[in-house]
Amino acid sequence: MDTREEPIRVMLAKIGLDGHDRGVKVVARTLRDAGMEVIYTGLHRSPEQVLDAAVQEDVDVLGVSLLSGAHMPIFTRIFQLIDEMPERPRFAIIAGGVMPDEDVDALTAMGVSAVLGQDTAPDTIVERIRDVSAPVREA
Amino acid sequence: MTAPKEIVDAVLEGRNQAVARMLTFVERRSDGVDDALAVLHRAAGSAHVLGLTGPPGSGKSTLVSALARHYRSQGRTVGVLAVDPSSVFSGGAILGDRIRMSDHGDDAGVFIRSVATRGALGGLSRACLDAITVLDAAGTDVVILETVGVGQAEVDVISAAQTVAVVSVPGMGDDVQAIKAGLLEVADVHVVNKADRDGASRTVAELREMLRLSHRTAGQWNVPIHQTVAANGDGVADLAAVFAAHLDWMTEHGERERRARRNAATRIRWVAEELVLDELRPGVAAFDHALDEVTAHRTDPLSAARQLVGR
Ligand SMILES: Nc1nc2c(ncn2[C@@H]2O[C@H](COP(=O)(O)OP(=O)(O)O)[C@@H](O)[C@H]2O)c(=O)[nH]1
Ligand SMILES: [Mg+2]
């Protein structure tokens, strides 16, 4: 058996109308260079599509990036769908984008493991993803 | 940590979450996965396994997506394994195929899994073949493998398919010629994708010439050249019909059985080699003893080896 550390698998998703993915692509490269396997969904996905894809890819972390301001309804929908699943998926969910502090608290209460603002430094993103994936990978 | 055997039944029922987990166990060679695969192998064998290979950008993922849509319209379930290279430097990878395939995102009848070449611990070929077994045992009707046809590992993987399609595009020059030549032996079907572009008929003519020079013997499958526009679905239903015709031809001519046996032989050898070599390393008492004896010239390498492997 190889002793090499298994790469962390991350799905990066863009949901809804927000049509900007330059930022998320930069993050994808940063994570790849940090040794992670990154699956990017492309733009304009629905919460249903993203959750199905994340289950099939058996990722450790699902990162949803939103710049449209629609994060509250979208995350509400995501967790509603998760509640309807026969089994709770194993991945941790993180949110990326611009959002006010009170929303950060609300998202955390919903079950989001980390919220990364738009200006988060690349090293911090890598570190936070390693942090949130650790318990998931042991489970 | 969930053990592989706990989810075998759910895999056999075709539950996506269990299938996804099992594919991870297979890729990581987790403890207990061999016992799970023993059960799954016995339940497998009914899927049509297609291999699509060709250079990056030739439209394989787009074609896979279009084929999946076609099979779904016939009520058949589809499993996709898309193999993408990992970075040699970091071991990380960006697996891009989801973008091209996302329109199946909420259809439980299409299961798509991206595989990074290094995620399989160097044992890409074996992991991929085991992954096919998982999807097959889960009741998937059509399993599609997508690989970039370069390394030996990728060629090994694609050889596990029952029907192999080599995808090329018009006007890509000498590189494509080389790739096509390297993959000529494994191609059951040639696909010229992006047939909406100039030069498609020239590419078809080049392929035809190459096939003519490859000396087909009588009674062999006549390798067809098929044009598609994956981006809008043109020619995709016909291509699926060609794949089905190839499977029928193989069944009629005993080729399906021959390939299955060849595939079985490869897999038995891989595993046997691993089982044997696992005992032949420093730290294993019998091996260390043999090392001492051969080094001191009290016995010879062949005798020691025979004794170690019991023959
Ligand atoms: N013009 C044209 N473009 C296509 C066709 N099929 C795929 N493409 C485009 O070719 C590019 C590469 O496609 P992709 O499926 O990712 O190729 P892969 O690397 O072989 O998997 C994408 O921009 C596709 O939209 C086609 O039939 N015609
Ligand atoms: Mg591709």
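The numbered conditions (1) open to solvent by less than 40 Å² (accessible area, probe 1.4 Å); (2) in a helix (DSSP H, G or I) are all true for A:Leu116 except (2). Would you confirm whether or not region B:30-42 contains a residue that is within 23 Å of B:Glu154 (Cα to Cα) and more than 14 Å from chain A (Cβ to nearest Cβ)? Within region B:30-42 (the criterion being within 23 Å of B:Glu154 (Cα to Cα) and more than 14 Å from chain A (Cβ to nearest Cβ)), the answer is yes, since at least one residue qualifies. Name the residue that is farthest from the other protein chains (Cβ to nearest Cβ), counting only residues in region B:93-114 that are open to solvent by less than 20 Å² (accessible area, probe 1.4 Å) and modelled with pLDDT of 75 or more. The extreme case among them is B:Gly109.
For region A:51-67, check the following and say yes or no: at least one residue is more than 7 Å from chain B (Cβ to nearest Cβ), among the polar types (S, T, N, Q), open to solvent by 30 Å² or more (accessible area, probe 1.4 Å) and over 18 Å from A:Val136 (Cα atoms). No, because not a single residue in region A:51-67 is more than 7 Å from chain B (Cβ to nearest Cβ), among the polar types (S, T, N, Q), open to solvent by 30 Å² or more (accessible area, probe 1.4 Å) and over 18 Å from A:Val136 (Cα atoms).
Kindly state which helices (runs of 4 or more DSSP H) lie completely within region B:1-82 and contain at least 1 residues that are polar (S, T, N, Q) and within 16 Å of ligand 2 (Cβ to nearest atom). Hits in region B:1-82: B:60-73. The set of residues in region B:209-267 that are among the polar types (S, T, N, Q) and either within 14 Å of chain A (Cβ to nearest Cβ) or more than 16 Å from ligand 2 (Cβ to nearest atom) (or both) comprises B:Ser214, B:Thr217, B:Gln220, B:Asn222, B:Gln227, B:Asn232, B:Thr251, B:Asn263, B:Thr266.
Test A:Glu48 against the criterion of being in a helix (DSSP H, G or I), in contact (Cβ under 8 Å) with a residue 24 or more places away in the chain, out of contact with any His (no Cβ under 7 Å at 6 or more places or on another chain) and open to solvent by 30 Å² or more (accessible area, probe 1.4 Å), and give yes or no. Taking the combined requirement at face value, the residue satisfies it.
Sort out which residues of region B:49-70 are closer than 27 Å to B:Arg15 by Cβ and surrounded by fewer than 21 Cβ atoms within 10 Å (Cβ to Cβ), and write them in order of number.
Kept after step one, since they are closer than 27 Å to B:Arg15 by Cβ, are these residues of region B:49-70: B:49-52, B:61, B:64-70.
Once the filter is applied, which keeps residues that are closer than 27 Å to B:Arg15 by Cβ and surrounded by fewer than 21 Cβ atoms within 10 Å (Cβ to Cβ), region B:49-70 yields B:Arg69, B:His70.
Restricting A:Ala106, A:Ala95 to those that are on the phi < 0 side of the Ramachandran plot, more than 8 Å from chain B (Cβ to nearest Cβ) and in contact with a strand residue (DSSP E or B) (Cβ under 6 Å, 6 or more places away or on another chain) reduces the list to A:Ala95.
Scoring A:Glu37 on the criteria (1) closer than 21 Å to B:Ala93 by Cβ; (2) within 7 Å of another protein chain (Cβ to nearest Cβ); (3) open to solvent by 10 Å² or more (accessible area, probe 1.4 Å) leaves a single failure, condition (3). Only one of the listed residues (B:Leu81, B:Leu23) is within 14 Å of chain A (Cβ to nearest Cβ), away from ligand 1 (no atom under 16 Å from the Cβ), under 24 Å from B:Arg267 (Cβ atoms) and in contact with a strand residue (DSSP E or B) (Cβ under 7 Å, 6 or more places away or on another chain). That residue is B:Leu23. If you take the residues in region B:302-311 that are open to solvent by less than 90 Å² (accessible area, probe 1.4 Å) and of a type outside the set (A, V, I, L, M, F, W, C), which one is farthest from B:Ala272 (Cα to Cα)? Checked region B:302-311; the qualifying residue farthest from B:Ala272 (Cα to Cα) is B:Ser303. Note on region B:7-17: residues that are within 12 Å of chain A (Cβ to nearest Cβ) and over 21 Å from the mean Cα position of the chain (by Cα) total 5. Can you tell me which residues in region A:82-92 are within 14 Å of chain B (Cβ to nearest Cβ) and exposed (fewer than 15 other Cβ atoms within 10 Å of the Cβ)? Result: A:Glu84, A:Met85, A:Pro86, A:Glu87, A:Arg88.
The values are calculated or read from the model by the stated rules, or taken from the named source; none is laboratory data. These numbers come from a predicted model, not from an experiment. Don't worry about glycine lacking a Cβ; one is built from the backbone with ideal geometry, like all the others, and counts go over all protein chains shown. Areas reflect the complete protein model, heavy atoms only, side chains present, ligands, DNA and RNA absent. Shrake-Rupley method; radii C 1.70, N 1.55, O 1.52, S 1.80 Å.
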